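Structure record follows, encoded as structure tokens.
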Amino acid sequence: MTDNKYFEICNCRLNIKLTYIRETIDRLASKYKSIIFILIIGMFILSNLKTYAYSRYYIEHAYEDEFFIINNNKFEAKTYCLGWSEGEIIKFISGSPFGNCTSALIYNETLDDICEVWCE
């Protein structure tokens, strides 16, 4: 019988501690709700910042939707980059604008199109 009372006392203390912890968390959450919201929004913006941080380049020369000079480097389309021409704004999604790559993925802002190219 003493064993049961011991467990009841321990269980009661545990419930009191858990209740205190829950109340403390609720108080902190309500007190810092706006800060938590701002941090979550900030994390979301920073995680998507990479998509806006690419450097822009221009197609300096284009030949038959297949060969391009960008940033004074030669690039050849893996298939065709239809309609791509000189003066259009592009961003490198992968690969290097300096030609230090095997292949690259390029986004054409003007046409809202993506093309895969070989770096030469």
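The values are calculated or read from the model by the stated rules, or taken from the named source; none is laboratory data. What you see is a predicted model; the values in this text were computed from it and never measured. Backbone-built Cβ (ideal geometry, glycine too); neighbour counts: all protein chains shown.
Contact map, the range 19-47: first residue at pLDDT below 75 and surrounded by 10 or more Cβ atoms within 10 Å (Cβ to Cβ), second residue of a type in the set (Val, Ile, Thr) and in a helix (DSSP H, G or I), Cβ cut-off under 8 Å, separation 6 or more or different chains; pairs are ALA29/ILE36.
Can you give me the number of residues within the range 60-74 that are assigned to a strand (DSSP E or B) and under 26 Å from the mean Cα position of the chain (by Cα)? Of the residues in that region, 1 qualify. For the range 80-120, the candidate set comprises residues that are assigned to a strand (DSSP E or B) and of a type in the set (Phe, Trp, Tyr); within that set, the residue that is surrounded by the fewest Cβ atoms within 10 Å (Cβ to Cβ) is TRP118.
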